[in-house]
Amino acid sequence: MRTKIIGIFLIFIGIAGLVLPVIPGILLIMAGILLFSKNRATIDWAWIKNELMAREKIDANDYSDRGVAISRSLDECLVKAKTLSKPDYMHAVKKITAVGTDFIELEGGIRFSSGKISEYIKGASHMVIILTTIGEKIENAASVLTKGKEPLEGYLLDRIGSFAVESLTDAVEKKIRKDYSMLKRSVSRRYSPGYCDWPIEEQRILAKILDFSKIGVSLTESCMMHPKKSISAVVAIADKGVFTEFGSTCEICKKEDCSYRRDN
């Protein structure tokens, strides 16, 4: 409730600020809208089940002993995942001060290196940095099952955890898009360090901006996140019509042999 009150306060201060310096007023309104809407993004468990069944080729109409056993394990793992997941997220809004052929610069001297993404976000005025996580309980439970006598359950639970944090991040992205549409602004699709030509090492920059530790996330020496079921990303904000929510984040990348590539 306190977060929502602060969000409303920032929106009103931002509106008042529009009669003074325009940029500070817009920034306050943006921050206020995102604060007011915090904690409303949720995990879509039905999507997770459908996606997992499609990716793993699990046939709901397979009534063989094996098919029934796999379906039962999947349902049991979904129930377990719902109790173990601890979804949380945070964000920060930063003004884009410069975009070059191979870099993006934000207020405060923050600089990202990516030619592909800098080309894609041309025309954007702000960037929202996002961090999502579902905690470490699912991956810990999956590890115990895998090392024990239940490798199938361990594998399914781990996969469910991966889809769960993806679903949460999708929900956060959609919420940001919906919130900014109120200001007649468009939002780019999200990108994370390690995507396309964006170096994974710049994960450290995002961690410094957001202070990942506030929601229990840290970085390893190789810039991987702990808990593993966490995602950091950025989206760009521009005038209405600059960005569309349709298509794939992979459109700007030509790496066809990537196992994470999406067609839509």
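Values quoted throughout were computed directly from the atomic coordinates according to the rules given, and no laboratory measurement underlies them. The model shown is predicted, which means the values in this text are computed figures rather than measured ones. Neighbour counts are summed over all protein chains in view; Cβ atoms, including those assigned to glycine, are modelled from backbone coordinates with ideal geometry.
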Exercise for review: Note down the nm distance, to one decimal, between modelled labels 7 Å out along Cα→Cβ at THR42 and at LYS82.
Suggested key: 1.1
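If you place +1 on the Cβ of every Lys and Arg and -1 on the Cβ of every Asp and Glu, how big does the dipole about the Cα centre of region 119-201 come out, in debye to the nearest 20? Walk me through the numbers before you get to the answer.
Working: 13 positive and 12 negative charges, 106 e Å.
Charge dipole of region 119-201: 500 debye, to the nearest 20.
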Review point. In straight Cα distance, which aspartates and glutamates are under 18 Å from LYS149, not counting same-chain residues fewer than 8 positions off?
Key: GLU76, GLU139, ASP158
Check your understanding: What is the distance in Å between the Cα centres of region 178-251 and region 74-98?
Key -> 13
Point to revise | ³J(HN,Hα), Karplus 6.51/-1.76/1.60, whole Hz, each residue of region 212-225, x for Gly, Pro | key: 3, 4, 4, 10, x, 10, 9, 10, 7, 4, 8, 6, 8, 8
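Rounding to the nearest 20 debye, state how big the charge dipole of region 41-128 is about its Cα centre with +1 on each Lys and Arg Cβ and -1 on each Asp and Glu Cβ. Intermediate results must be reported in sequence, preceding the final value.
Numbers: 13 positive and 13 negative charges, 45 e Å.
Around 220 debye, computed over region 41-128.
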Revision key, fill the gap. One finds, for LEU183 and ASN61 with R0 = 51 angstrom and r their Cβ-Cβ distance, a FRET efficiency to the nearest 0.05 of 0.60
